[in-house]
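Everything below concerns the one structure shown next.
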Amino acid sequence: TLVLEGSGQTDALGAMRINARFHRPSAAISAVVELPEVPVGPALLQRLAGFCPSFLRHVRELSGTAHLQATFTYRPGAAEPLTYDIDGKLKNGQWRHECLPIPLERLHASFRCINGRIPYAHLEAAAGGTAALPAKVQVDLGGLVWPAQTPESIEEIVTKLEVKIEHFRVTPACSAHLPPKLQKIHNTYNPAGPVSVTYLFYRPDAEHWEKHWTIQPEGMTAEFEDFRYPLSSVSGSVTVDQYSDRDDSIRVDLVGRGSDRPVVVRGYIQGDKDSEVDLVVAADDVPIDHQLMSALPRKSRELARTFLPSASRELGQPEQPRKLLQPAGLANIKVFIHRGRGQKSFANRYLITFHDTSLQYDLFPYPLEKVTGVLDIQPDHWECRDFHGSHKGGEITVNGCSFRVDNGEGPKRECVKVAISGKDILLDPEFEQALSPPQVPERAALRNAWAMLALRGRLNFESVVVDQPDQPQDIDVRVDVKGCSMQPTFFRYAMTEVSASVRYKQGHVYVKDVRAKHGNCQLSMKEAVLVLKPAGGFTGWFTDISGDDLLPDEEFLRALHPVLRRGLEPLHFRKPLHVETKLVLDAPAPPGEAMKIWWDGGATLRQQAFQAGVEITDVDGVIWCRGHYNGRQLERVSGHAVLERATILGQPFTQLQGRLETVPEAPDTLSLYDLKANLFGGFVGGEARFTFASPLRYEVKLDALHVQLEQFGKHNHLGPGAQLQGPARAALHLTGEGPDLSGLRGNGRIEVAHGKMYRLPLLLDLLKAISLRMPDSTAFEQARMIFGIEGPQMRVHGIDLIGNAISLRGQGTLNLDGSNLHLDFSVDWGHVPQMLPPGISDLSQAFSDQLFKIKLRGKISSPRFEKEPIPGVVEPIKKVLGKS
C-alpha cells in the first residue's frame, strides 16, 4: 500500500490537505481531500460556472466560508468503480436570490453528498438586517438526487423539504418573490407585518407528493380583496395543503381588530383553479363609518348608502374629508365570501345587524334613531328584516326586499318591496316629505294627495311600498290609518279618530273603510278612488259616505262647497241628521278655479226642526236629491222629500211628500212640485219654490180639503166641552224673503160650509161679552175667514161665524204667534143677513154695526173682551178726547 499525504495553497479554494492510499495488488485507490476554509464568492463561483451553469445561476450571489471534506474511492472491476462522499459546511454566509424578498444573513449550512445523492442538507440563517427581532430561516431537505437536466424547482429532485421562517416581516414588495400559491394568498388578503411560515414538501413515492404551508400572522395587518376593511393585530393561522392526487385546500382561522373591535376570519378554499371558497368575516359593534362603507363593493356600498342619515350620507366617498363625516351607529357584521366550485365570480353575502344606529332610507327618508335590524345583501337580491327605530315619540318597523320580475324581454327587472308600519307617528312636514321626497318628482302626485288629505296628530299605519327603480312612477303605497285627525282641503271639516285603508299606485289613491268622528258625529265612507292630475288637482269618486248625529252647524256649513252651503244654510237645522251620499268631485289643478260636483244623497230627519219660510218642527222622514254643479252653476237637480210627520205653524202634517227640482235656466231656484200631505183627516196639496240668493226668497201655494174640525179641536186643546165638527177647506199663498218672518207676505182663506162649532172657549167668552145666552144646540154652522200676512202679522180682512141664533162678523189683526189681538166683531141675528136681498142685507149689517161692537184684545190664549154700544156715537167722542 502506497500512502501519500500533502498540503498546499490554492488561489481559489484556499488551503488544501490530501491523504491518499494506493493498494498495489487490487489497484484500488482511496483519497481524502479537505478544504478547511474555502472563500465562497464571485471569484470561485465564476470558475465553477463552466461545470454547472444552471446551478451556479442560483448561488452566484452566495458568499461565506466553506469547509469541504471529500472521500474518493476507486475499485477497478466494481459495478460503480468510482465513488465519492462529500461533507460540506458553510458559515457566516450571505445569500441574495431573485426569489428571496430580502437577503439571508448569518447563514450556516451543512450537507452531505454521496455519489450524486444528498441524503440531507440543513440551513439556518437570519433575515431582516438590524431589525430588533430579525427573521429566522431554517431549511432541511433530504433525498436529493441531482438530475441530468436542470429542474424547474427543487421539489422535483428531493423527497422531503421542510422550511421554517419565524418572525418574517411581510411588505408589499414581498409578493413578487413568493411562489404562485403564496402570491395568490398575498393578493387575496394583502397582509403586512410579522409572520411565521412553515413549508413541508414530502414525496412518499415517485408518483405522489404533498405540500403543506402553515402561515401564522403575528400581529399583522390585512385587507381582504372583496371586503377591504382594514384589520390590525391579526393572529391565528392559514394552512395550505396541496396534493398530487387530491384537491388543494386552504384553511383560514384568523383573529384581528378593525376599528378597535375584534374581527374573526374563518373558512376554507377548496380546489385549484376556480376553487370553492367559503369564508366568514365577523365582527361585533363595528362603527358604521368611512372605513366600513369603503370596504363594501361598489354596488353594495351604494345600496347601504340609501339607508344612511343625511349627516353620514357621504361615508365611503373617497373625496370626502373623514373628519367631517358622522358615523351612523354600530353594527354586527358577517361577510360570507362564497364561490361555488368551477364558478368564475363570487356570490358574497353581507349580513349587517344594526343597533344603536341612525338610519334614513331613500325610499322612505324618515329619520330614525335607536335603530335595530338586519340588512342582508345577497348576490341577486337584498333583504332588510325587523328594522325598528323611533323618532319624535313614534316608532317605525320596516321589512323589505328586492326581487326580480321577468318582463319578457331582456334581463329581469329589479323591484323593491318594503313593508313599513308605524305607531304614534307625528304627522308633520318631515313625515310628509318622507312620503314623497322632492328629489323624486315622480311622487309629486303622492305629495299632493297627502297635502289634500291634511292628516294631523299622530298616526298608526301599515304600508307596503313596491318600487321599480327603472319605473319610479310604479310605486305602490298602502297605509292603514288609525287614530289620527284629518281636515281635507276639499272638505275642511275637522275629523278625529280617523281610521282608513289608503293605497297609492300610479297616480291613483284608493281609500277604503273610512271611519272618523267629529264631536258626537260618527262619519264613515265605504270607498273612494282619486285620480291625481299631473299638474295638481284630482277627480274623485266617493261611495257610501254617511254621517250619524251630524249637526249642520256653522263649522259644517263652512266646510261645504259654496253651492251646497247656499242650499243648506237658510234652513237652520237645529238637531243632528243622518246623512248618506255618493259624491264625485273634479278639482282643477290651477288654484282658484271652481270644482265640479256630482252628488246623489240625502238626509234622514228625526225630531228635526228647521226653517223653510216658517218654522217646521218635529220632522221625521227623508230628503234625497241628486245633481251636478258644473263649476259655474247648478245643472239639473232632482229628488224627493218623504216626511212621515212634520209640525208647521203648530199643526201636525203627516205623510208629507214632494218632488225636488232645479233646472239649468234657473240654477239658484229649487222647486217643490206635487206637494201633498195629510192634515186632520184631510188632504193638503200644492207647490213651493226657493231661490237661494242673498237673501233667500221663497213662494208657497197650498190648498187643504176635508180637514176635520174635530181633529183640529182636539189637537189645539180648545176645551173639554168644546164641540167642533165638520170638514173645512183652506187656501194659502205665501211669499218670503230672508230667514225670518219680517219678509213674509201672503194671503189665504178658510171656509167651513157645513159644520158644528159649539162651546168653544173663545166663542163662549165672545157671547158672554154681548150678554147672550148660549143656545142649546150648535152655536155656529158655517165659518169663513179671508186674511193676509205681512211679516209676523196676520191681517183678517173678514171673519164670519154664522149660526141659527146669531152670527158674528169681524176683522182686524193679530200676530202669527197668537199675540197682539186686535179684532173687532159685530153681531147679526141668525141667518137674517143671508136671507135678505144684497142691498137690504148690507143695510142690516150697517145698522147692526152701529148697535154693537165687541173688541177682542190680548192673546188668543187669554183674550180680553170689550163691549161697546152705539159705536157710531162713542167713537167720534173718543177721537175728540184722544182715547183709543
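Note down the magnitude of the dipole of the chain about its Cα centre, charges +1 on Lys and Arg C-beta and -1 on Asp and Glu C-beta and zero elsewhere, to the nearest 20 debye. Present the calculation step by step, with values, prior to reporting the outcome.
Details: 99 positive and 105 negative charges, 315 e Å.
That gives the chain a dipole magnitude of about 1520 debye.
Given Cα pairs under 8 Å that are at least 6 residues apart, what percent is the relative contact order of segment 1-152? Mind showing how you got there, number by number?
Details: 339 pairs, mean separation 21.3, N = 152.
The normalised contact order for segment 1-152 reaches 14 percent.
Sort 52-59, 291-298 for me by packing, meaning the mean count of neighbouring Cβ atoms within 10 Å per residue, highest on top. Show your work: numbers first, answer last.
On the way: 52-59: 12.9, 291-298: 18.6.
Per-residue mean Cβ counts within 10 Å order the peptides as 291-298, 52-59.
Just one of (1) 39.6; (2) 30.2; (3) 32.1 is Kirkwood radius over Cα pairs in Å calculated from these coordinates, so which is it?
Correct label is (1).
Specify which residue in the list ALA31, SER54, LEU90 is farthest towards the positive end of the charge dipole of segment 1-152, using unit charges on the beta carbon of Lys, Arg (+1) and Asp, Glu (-1), about the Cα centre.
The residue sitting most towards the positive pole is ALA31.
Mind putting a number on the dipole of segment 604-754 about its Cα centre? Charges go on the C-beta only, +1 for Lys and Arg and -1 for Asp and Glu, and I need it in Debye to the nearest 20. Present the calculation step by step, with values, prior to reporting the outcome.
Details: 14 positive and 16 negative charges, 20 e Å.
That gives segment 604-754 a dipole magnitude of about 100 debye.
To the nearest Å, what is the center-to-center distance of segment 529-562 and segment 249-309, using C-alpha atoms only?
Taking the Cα centre of segment 249-309 as reference, the centre of segment 529-562 is 56 Å away.
Output the relative contact order of the chain, whole-number percent, from Cα pairs under 8 angstrom with separation of 6+ residues. The partial results should precede the final answer.
Details: 2297 pairs, mean separation 25.5, N = 884.
Reported as a whole number, the value is 3 percent.
Any idea which of ALA677, PRO739, MET794 is furthest toward the positive side of the dipole for the chain, if Lys and Arg beta-carbons carry +1 and Asp and Glu beta-carbons -1?
MET794
For segment 169-244 and segment 1-47, what is the separation of their Cα centres, given in Å?
Centre-to-centre (Cα) distance: 45 Å.
Kirkwood Rh, segment 604-754, all Cα pairs: how many Å?
On the way: mean 1/r = 0.0601 Å⁻¹.
Here the Kirkwood hydrodynamic radius works out to 16.6 Å.
Over all distinct alpha-carbon pairs, what is the Kirkwood Rh of segment 1-152 in angstrom?
Working: mean 1/r = 0.0573 Å⁻¹.
With all distinct Cα pairs of segment 1-152 included, I get 17.4 Å.
For LYS412, which lysines qualify as cross-link partners when the Cα separation must be under 30 Å and same-chain residues fewer than eight apart are set aside?
Result set, ordered by chain and number: LYS299, LYS334, LYS344, LYS505.
Using +1 at the C-beta of Lys and Arg and -1 at the C-beta of Asp and Glu, which of SER485, VAL238, LEU200 has the Cα lying farthest in the positive direction of the dipole of the chain?
SER485
Bear in mind these aren't lab numbers, they're just calculated from the coordinates by the rules spelled out. Everything numeric in this text was worked out from a predicted model, so none of it was measured. Cβ sites come from the backbone with ideal geometry, for glycine too, and all protein chains shown count toward neighbours.
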